[in-house]
Amino acid sequence: MLGSSFWQHPLVETAGYFSVVVLCLIVSMILFEIVTKYKNWEEIKNGNLAVALATGGKILGVCNIFRYSIERHTSLLEMLGWGLFGFVLLIFAYLLFEFLTPRFKVDDEIAEDNRSVGFISFTISLGLSFVIGASIT
């Protein structure tokens with residue numbers, strides 16, 4: 001029979017956090033695939049650097065938010081809740097980016113491999129993940 005000390009062992013806790021965050025990352029990538037007009041992985045496979053930049057920024061942003069959440073919470077459930085809340089804010093930021101650029105459609109520009117827009121999307125996702133992460137209590 002496994003004692004509670006097993007579940008509190010640093011290796012077990014690390015494996016648990018890692019597993020949960022990877023699962024959340026997969027779910028977040030599926031949700032971003034739904035939110036964007038283009039197929040992320042298909043575009044990346046075809047060499048669309050703008051999509052790769054935007055997707056990479058989202059991956060780094062989500063992981064950074066969960067890093068802050070892991071650092072600040074002692075229970076897996078709290079970490080998951082705050083991490084998911086931060087992820088929702090990151091999606092909101094992406095939609096806000098689209099809204100605040102009325103002269104062009106961010107999704108269309110990224111789909112057409114506009115690397116400047118892809119890079120700005122990358123920096124917005126990563127930069128705001130630090131703000132979101134720092135505000136997680």
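The values are calculated or read from the model by the stated rules, or taken from the named source; none is laboratory data. All values derive from a computational prediction rather than experimental measurement. We place every Cβ from the backbone using ideal geometry, glycine too, and count neighbours over all the protein chains shown. Note: areas computed on protein heavy atoms with side chains; ligands, DNA, RNA excluded. Shrake-Rupley method; radii C 1.70, N 1.55, O 1.52, S 1.80 Å.
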Margin query: What does the extension gain come out to for Lys39 and Glu13, with contour length at 0.36 nm per residue minus their alpha carbon separation?
Written below: 5.9 nm
Check: Taking Cα pairs under 8 Å and at least six residues apart, what relative contact order does region 58-133 come out at, in percent?
Finding: 51
Check: For the chain, what is the relative contact order in percent, using Cα pairs closer than 8 Å and at least 6 residues apart in sequence?
Finding: 34
Next item on the list: Would you calculate, for the chain, the mean residue ellipticity at 222 nm contributed by helices, counting each DSSP H stretch of 4 or more residues as -39,500 (n - 2.57) and dividing by all residues, to the nearest 500?
Entry: -27000 deg cm²/dmol
Next item on the list: Over all directions, average the projected area of the Cα convex hull of region 96-137 and note it in nm².
Entry: 3.1
Notebook entry, point to check: Just the accessible area per residue of the chain, please: how many Å² with a 1.4 Å probe?
Noted result: 60
Notebook entry, point to check: Which entry is the computed Kirkwood radius over Cα pairs in Å for this structure: (1) 14.4; (2) 15.2; (3) 15.8?
Noted result: (3)
Item checked: For peptides 102-115, 59-72, sequence by mean Cβ density within 10 Å, most packed first -> 59-72, 102-115
